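Enquirer: Supplied in structure tokens, the structure appears directly below.
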Amino acid sequence: MLLLPFVAVLAIYAIASDIRLSENPRDKLLPAPTTILETAQRLVSEPDRRSGEILFWKDTAISLQRLAIGVGLAAALGLSFGLAIGLFPHIRATLAGFVAVLSMIPPLTLLPILFIAFGLGEISKIALIAIGVTPFLIRDMSQRVLEIPAEQIVKAQTLGASSLIIAIRVAIPQILPRLIQAVRLSLGPAWLFLIAAEAIASDAGVGYRIFLVRRFLAMDVILTYVVWITALAFIMDYTLKRLSEGLFPWAGKDGL
Amino acid sequence: MLLLPFVAVLAIYAIASDIRLSENPRDKLLPAPTTILETAQRLVSEPDRRSGEILFWKDTAISLQRLAIGVGLAAALGLSFGLAIGLFPHIRATLAGFVAVLSMIPPLTLLPILFIAFGLGEISKIALIAIGVTPFLIRDMSQRVLEIPAEQIVKAQTLGASSLIIAIRVAIPQILPRLIQAVRLSLGPAWLFLIAAEAIASDAGVGYRIFLVRRFLAMDVILTYVVWITALAFIMDYTLKRLSEGLFPWAGKDGL
Amino acid sequence: MSYVTVDDIHQSYDGRPILERVSLTVEKGAFVSIVGASGCGKSTFLRLLLAQERPTRGDIRIDGAPPAQEPGRERGVVFQKYSVFLHMTVCENLIAGESFGESRWGRFFGAKKRAARERALQTLERIGLAHMADAYPAALSGGMQQRLAIAQALTARPRVLLLDEPFGALDPGTRIAMHDFLLEMRQETGMTVFMVTHDLQEGFKLGDRVLVFDKPRWDPHEPEAYGATITYDLDARRDNVPTPAAPDASLEGTHP
Amino acid sequence: MSYVTVDDIHQSYDGRPILERVSLTVEKGAFVSIVGASGCGKSTFLRLLLAQERPTRGDIRIDGAPPAQEPGRERGVVFQKYSVFLHMTVCENLIAGESFGESRWGRFFGAKKRAARERALQTLERIGLAHMADAYPAALSGGMQQRLAIAQALTARPRVLLLDEPFGALDPGTRIAMHDFLLEMRQETGMTVFMVTHDLQEGFKLGDRVLVFDKPRWDPHEPEAYGATITYDLDARRDNVPTPAAPDASLEGTHP
Amino acid sequence: PAMAEKKTEFKVAWSIYVGWMPWGYLEDSGIMDKWADKYGIDVEIVQINDYVESINLYTAGEFDGVSATNMDTLSIPAGGGVDTTALIVGDFSNGNDAVIVKGDGGLADLKGKSVNLVELSVSHYLLARALDSVGLREADLAGVVNTSDADMIAAYATDDVEAVVTWNPLVSEILEQPNATKLFDSSDIPGEIIDLMVVNTQTLADNPEFGKALTGAWYEVMALMASDTPEGVAARTAMGVASGTDLAGYDAQLASTEMFYDPADAVAFTQSADLPKTMVNVANFLFEKGILGEGAPSADFIGVAYPDGSVTGDPDNVKFRFDPSFMAMAADGAL
Ligand SMILES: Nc1ncnc2c1ncn2[C@@H]1O[C@H](COP(=O)(O)OP(=O)(O)OP(=O)(O)O)[C@@H](O)[C@H]1O
Ligand SMILES: Nc1ncnc2c1ncn2[C@@H]1O[C@H](COP(=O)(O)OP(=O)(O)OP(=O)(O)O)[C@@H](O)[C@H]1O
Ligand SMILES: [Mg+2]
Ligand SMILES: [Mg+2]
């Protein structure tokens, strides 16, 4: 049952690929599944002629590191600002509009400015990921904080809780599962920004590789990387879900 | 209070621009605010020499139309699949994993396939927006449906409600405010995908224009467009918020 | 002529037995009051009758039909934490009691709609909520919400009505008025009622039978080792002569 | 020596007056029972005492201090829809009653933590929840949650305790045990108690004074035109002789 | 499927580059329509913002022709098995592509520096040729950093960048920076970076009118551009504006572009003996970089056919053909 839609997609791809290949046996757009498998095998095992490294793993390691730092940073910012905006009406009045506007700026259009601010190195890539997903996380977190029933906050106040204690003992525990959920939802955009960042100025990483081989429409390589990215992202997603269920047994089950 | 962060950002920009311009008066990266204003004035009023149209308004109209259709489509898909996945355990078992995986595929890496599948016209641009934000909406919606207290569903069942009625009279009304919220959160990514689609193959639209002038680093034009996009997105965001508050008085206030 | 047959059911949560060997037969139209210590499993028993949960062992049949898989129109319920639909006004909540079961789209139109509203307003008059007809439940006091929940359940005219401490949040005057309302509706529809209450007087006043739930076996070192069952089955019509129930045998209804 | 002074407060929602000209003085350590019809404004009055809401007119002082801006440790509360922290276990909920007010981080460590847990387990034993110490509240029955909420509020030892139908979901036996627990704690801490109840017997048993809320003026054509006030202020110690309250004058406490 | 496919509607793609601006002008001015009408067909010229994407789309069959360099034609469509013919040889870069370093120095000083460029593009080829000329190899550099052309100017402005290889109009923009020094440009390897209009060989064979219309229209504009009549100036001005500069800027870029305004020159260039040498060079470069498809067994695995019938590479796998016959018709006034 679970696999049904996957099998369907695979079948559609195989058929479409077959049709194109029967017209032009060297068509590169939709390589045959077997070609992709061969390419994948080669990519994960053959070292690069120049450097002797297996580029696939190198790319993966570098990209994952960038992603982890970027998303981690975004999650920390999202949680802190989300809490501040959700809990304190004063901060909400000052920042809410600003964050809403900020979240609407398409960061990719301002790349030149980001380069000047963060250089061309690792920082700019991490910054792009963080800038890309932080506004979403802040908005989602502050919304979730606002959804905490007023009674819970009042109850904590009557027990003598300071704002700090309300934040760390009532609000944070209750929105942590939401934060994990929100991080899961933003994994897709985070990869997107990572790939965009790596496509622009880089010498390694999955996004770099994809945009490089785009130069000769090596869809077999691209598809291998895309499947790999998707698998990685899904594993992260699944791990976070299980983590959330393990850490927060009191919270309802996550749906997807 | 509300304007404070905006003023701060503007001030920082003005200072940074001034420093760069004093070093190199022909610096294009951070044009002086006055230059941007002049450019903006020219853009919104001067007709194009070739076509006689004012490109700024033409770009805006075309992009907004694409965005509206793309986001509308995504919202409709997000609502229907979200409901189906949230309400029916069978569908959840079949589709949940698939949607989770789907949401992790970075659509921008598959652009060549998308262009072949949807052509180079309007459809591909709308499709990219829809493909980009639908998985997020489906996941968010299904999660929200799952968060509807079990008692509400049981209560409806005891009143004799069929699945259809539970969906349209209990689940939909309760998640519509959430849908609007989710759509607001996905406006940012939607613009991103629109710009990406327009950047590659188009002859009008704000994304097209930005990428056209990016080659010669006409930051005054880019910044005008970015500010305009941000303003438009923010207006949409605000309108949706007010709409939600007006339509669903029983729902708590939206935070941001 | 047994209508509701409970056949040797057992229920446990996380391995802890809550209910043990509960058997019961109830005649059509009987009014069964249920009393017992806090936490002994009364609400659990109602949830099983409602088919919201399935017992670990044994089964429950209504009118000889196979055990229900999920709640449906033949069973109405008022939960202990009374809940109504927060997104519908008071009047709409009441109309939902009719329209969910009778209309294809869960909503009346035209003349039918007007008639239903008329009836709803009459009921609201009766339960003292007419002046709040167009308010949302969030603006109701606890007791008002409870009255609304009762009226909503009654409006659907279920064949079996399950009430979990329905009058707990009402002052004595209002409570008596609601008693009358309930008895009248029961007279009219001949429904079978199960009511959990902590007010023995109320249990005997309204009920034909009063069931007492308690743990028949008790291990002082391990208070949770055994579950509760029906320890007394009192005929409320025969001047309260306690007749110990035979927990292992299915009880014949004592109602004439 | 008045401790709580309520000075001519009015409260209305959406322009509808709920409370009118309520004045009251209560001595330190008094136990005030509040009764009244469903929806007359008892919970509203408690919310005002709690400083969760501010009255439309008039003010409430405790110990001569200026009117509180928000709930704090000196006022404890058990809400009508009893609520505890769903993300903490039963034991943690109880410990929070101490640690929120006493520890900088809202959490005890080391020996203090062990001592607090010891005390909490004793209390849980007392209220019959010891076997559920490490369960989450979602696994508690309604009455169990209510007991936990009461114990949590008492653990914080507030100077003024506000109880909204605290024993409503308890069977008679458990109820009496909880009465004893409450009276003992009151003895120990000398706190001032306001308790809303629908059980007159209970009100007179526990209270030094019984306040009756009702509408002094009544327009049959417009039942909502006027708000409620204190119509009787009974001394529960002098064998229930009703003394009509003078709504306009501040009442001297009748406690000796 | 060697079935002749007659059709009347054709689509060609182009992207912004100094030598390809006439394609946009062709569409806007109606000259293309005029020629298409003459041959009873319909030709749509579509601008694609992203150069690589335009070639990819052509390779995938979305277009019947595309503006591309000789190198990219060899690697993408020809490498992808799409038999492609160079219908029009428009120009070769004669200074349009350049290696630029921050500060002073010579080519030899590139050693140990990192270079930002669009990897696997003509810039990369130019860098390889430049390093060759001083006996260096890419391995001697600190590395090459793939940098999108759209971001090249902004990237150059950051401190991380030491040297860049790029093309016009970016070159002139960057050279305006006070510290930029040009070390090497395409005028040092004239005729090796060739800008073409390539079309699908099968489509061309089945529909010669398509080739005739395109070629005829192209050389009408060439004549217009070459003239200093008001019409010619107006055309160049329009092209300049469309590429984001003005007449002066565009003329400056044209100066470093060897445009074949006269079809006869283009025919002569195509027939010259240097072309096969260049293509072998390019093929070797591509193979070295692994661009000729991951499965390519050797540098000469794709065949390139020349006007005289000679072939470099594998004669059984000819996928790239230089065919000057349509340009010759233009030169003869036979269109
Ligand atoms: N948030 C609100 N908005 C509007 N009206 C409200 C709101 N809260 C309470 N009310 C109204 O105020 C009145 C008093 O409510 P309150 O909850 O104080 O009643 P109560 O005396 O506690 O009743 P009960 O015994 O049923 O709990 C009710 O008529 C209710 O409709
Ligand atoms: N979801 C659950 N998971 C684990 N245990 C549960 C769950 N629901 C109920 N229980 C346990 O089952 C027992 C019976 O609960 P139930 O709600 O039926 O009691 P009750 O008789 O209705 O009590 P009350 O009068 O307090 O409402 C309790 O001990 C409770 O802890
Ligand atoms: Mg219960
Ligand atoms: Mg109340």
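Enquirer: Go ahead and estimate [θ] at 222 nm for the protein assembly as shown from helices alone: -39,500 (n - 2.57) per DSSP H run with n ≥ 4, summed, over the residue count, rounded to 500.
Expert: Theoretical 222 nm ellipticity from helices: -16000 deg cm²/dmol.
Enquirer: Over region D:1-156, calculate the relative contact order: mean separation of alpha carbon pairs under 8 Å at least 6 apart, over the residue count, as a percent.
Expert: Worked out over region D:1-156, it gives 22 percent.
Enquirer: Between A:Pro47 and the same site in the other copies, what are the distances in nm, shortest first, taking label points 7 Å from Cα along the C-beta direction?
Expert: 6.7
Enquirer: I'd like the antiparallel share, as a percent to the nearest 5, of DSSP beta bridges with both residues in the protein assembly as shown.
Expert: Close to 55 percent.
Enquirer: Please compute P(r) over all alpha-carbon pairs of region B:67-248, binned at 10 Å starting from zero, and give each bin as a whole-number percent.
Expert: P(r) for region B:67-248, in whole percents per bin: 9, 31, 31, 19, 8, 2, 0.
Enquirer: Something else: Grab the beta carbon distance between C:His10 and D:Tyr13, set R0 = 45 Å, and tell me the FRET efficiency rounded to 0.05.
Expert: Given R0 = 45 Å and the Cβ-Cβ separation, E is 0.40.
Enquirer: Can you give the FRET efficiency to the nearest 0.05 for E:Leu175 and E:Val233, using r as the Cβ-Cβ distance and R₀ = 22 Å?
Expert: Taking R0 as 22 Å, the efficiency between E:Leu175 and E:Val233 is 0.30.
Enquirer: Here's a follow-up. Add +1 for every Lys or Arg and -1 for every Asp or Glu among the other residues with Cβ under 11 Å from the Cβ of D:Pro172, and state the total.
Expert: Overall, the nearby charge balance is -3.
Enquirer: Report the charge-dipole magnitude of region B:67-248 in Debye, nearest 20, computed about the Cα centre from +1 at each Lys and Arg Cβ and -1 at each Asp and Glu Cβ.
Expert: It works out to roughly 200 debye.
Enquirer: Counting pairwise Cα distances across chain E, what percent come out greater than 26 angstrom?
Expert: Result: 47 percent of Cα pairs exceed 26 Å.
Enquirer: Also, quick follow-up: State, to one decimal in nm, how far the label point of B:Gln65 lies from the label point of D:His131, with both points 7 Å from Cα in the Cβ direction.
Expert: According to this spin-label approximation, the distance is 7.1 nm.
Enquirer: Let me ask something else about it. What's the minimum Cβ distance from chain D to the axis relating it to C, in whole Å, and which residue gives it?
Expert: Nearest Cβ to that rotation axis, in whole Å: D:Gly168, 2.
Enquirer: Under a 5 Å amide H to amide H cut-off, with H placed in plane at 1.01 Å, what residues pair with B:Ser103 once short-range neighbours are removed?
Expert: Long-range HN contacts for B:Ser103: none found.
Enquirer: Let me ask something else. What's the center-to-center distance, using Cα atoms, between region D:144-160 and region E:22-76 in Å?
Expert: 79
Enquirer: Tell me whether region B:4-59 comes out rounded, prolate or oblate; compute the Cα gyration tensor, take square roots of the eigenvalues as a ≥ b ≥ c, and use a/c under 1.5 as the rounded threshold.
Expert: In terms of gyration-tensor shape, oblate.
Enquirer: A follow-up question, please. Within a 10 angstrom radius of each residue's Cβ in A:207-215, how many Cβ atoms of other chains show up on average? Whole number is fine.
Expert: Going residue by residue through A:207-215 and averaging, the value is 6.
Enquirer: Can you list residues from other chains, or at least 5 along the same chain, whose modelled amide H is less than 5 Å from the amide H of D:Gly36?
Expert: Excluding prolines and chain starts, which carry no amide H, the hits are D:Phe213.
Enquirer: In µm²/s, what is D for region E:57-124 at 37 °C and 0.692 mPa s, where D = kT/(6 pi eta Rh) by Stokes-Einstein and Rh is the Kirkwood radius from Cα pairs?
Expert: The diffusion coefficient I find is 223 µm²/s.
Enquirer: Taking DSSP loops as anything outside H, G, I, E and B, show the longest stretch in chain E free of trypsin sites (Lys or Arg not before Pro) there with at most 11 other beta carbons within 10 Å.
Expert: Here the longest run is E:138-335.
Enquirer: Which ³J(HN,Hα) values in Hz, rounded to whole numbers, follow from the phi angles of region D:185-201 under the Karplus curve 6.51 cos²θ - 1.76 cosθ + 1.60, where θ = phi - 60° and Gly and Pro get x?
Expert: For region D:185-201, the Karplus curve yields 4, 5, 3, 5, 9, x, 6, 8, 10, 10, 10, 8, 8, 9, 9, 4, 4 Hz.
Enquirer: Counting only DSSP beta bridges with both residues in chain D, tell me the antiparallel percent, nearest 5.
Expert: The answer is about 50 percent antiparallel.
Enquirer: Can you say what percent of the DSSP beta bridges in chain E, counting only those with both residues inside, are antiparallel? Round to 5.
Expert: 55
Enquirer: Separate question: Between C:Arg217 and A:Thr239, what FRET efficiency comes out of the Förster formula 1/(1 + (r/R0)^6) with R0 = 35 Å and r the beta carbon distance, rounded to 0.05?
Expert: The pair A:Thr239/C:Arg217 has a calculated efficiency of 0.15.
Enquirer: The protein assembly as shown: Rg/Rh from Cα coordinates, Kirkwood Rh?
Expert: Taking Rh as the inverse mean 1/r over Cα pairs, Rg/Rh reads 1.08.
Enquirer: Could you work out Rg/(2.2 N^0.38 Å) for region C:86-156, with Rg from alpha carbons only?
Expert: Here the answer is 1.01, to two decimals.
Enquirer: Every other copy gets compared here: list the nm distances from the A:Pro33 label point (7 Å along Cα to Cβ) to its counterparts, shortest first, one decimal.
Expert: Relative to the other copies, A:Pro33 has label-point distances of 6.0 nm.
Enquirer: If the cut-off is a Cα-Cα distance under 16 Å, which aspartates and glutamates reach E:Lys34, setting aside same-chain residues fewer than 8 apart in sequence?
Expert: Leaving aside aspartates and glutamates fewer than 8 places away in the same chain, those within reach of E:Lys34 are E:Glu9, E:Asp42, E:Glu44, E:Glu209, E:Glu220.
Enquirer: What is the distance in Å between the Cα centres of region E:253-291 and region D:72-88?
Expert: About 82 Å separates the Cα centre of region E:253-291 from the one of region D:72-88.
Enquirer: Something else now. Amide H neighbours of E:Val43 under 5 Å, at least 5 residues apart or on other chains, H built in the peptide plane: list them.
Expert: E:Phe10
Enquirer: Measure off 7 Å from each Cα along the Cα-to-Cβ vector at A:Glu53 and C:Arg237, then give the distance between these two points in nanometres to one decimal.
Expert: In this crude label model, A:Glu53 to C:Arg237 measures out at 8.8 nm.
Enquirer: Around B:Ser17, with a cut-off of 12 angstrom between Cβ atoms, what is the net charge of the other residues, counting Lys and Arg +1 and Asp and Glu -1?
Expert: -2
Enquirer: Still on this model: Just how far, in whole angstrom, is region A:162-207 from region B:101-149 if you go by their alpha carbon centroids?
Expert: Cα centroid to Cα centroid, the span is 20 Å.
Enquirer: Another question, if that's okay. Just counting partner chain Cβ atoms within 10 Å, what average do the residues of peptide B:17-30 show around their Cβ?
Expert: 2
Enquirer: Between copies, how far apart are the B:Glu147 label points? List them in nm, one decimal, shortest first, with each point 7 Å from Cα toward Cβ, please?
Expert: Ordered by increasing distance: 0.0 nm.
Enquirer: Which listed residue (C:Phe109, C:Pro166, C:Asn93) has the Cα farthest towards the positive end of the charge dipole for region C:89-166, taking +1 on Lys and Arg C-beta and -1 on Asp and Glu C-beta about the Cα centre?
Expert: Comparing the listed Cα positions along the dipole, C:Phe109 ranks first.
Enquirer: Same structure again: Along the Cα→Cβ direction, 7 angstrom out, place labels at A:Leu4 and E:Gln271. What is the inter-label distance in nm?
Expert: Placing both labels 7 Å along Cα→Cβ, they lie 6.8 nm apart.
Every read-out reported here was derived from the displayed coordinates using simple, explicitly stated rules and does not represent laboratory data. A quick note: this is a predicted structure, and the numbers were derived from the prediction, not measured. Neighbour counts run over all protein chains shown; Cβ positions are idealised from the backbone, glycine included.
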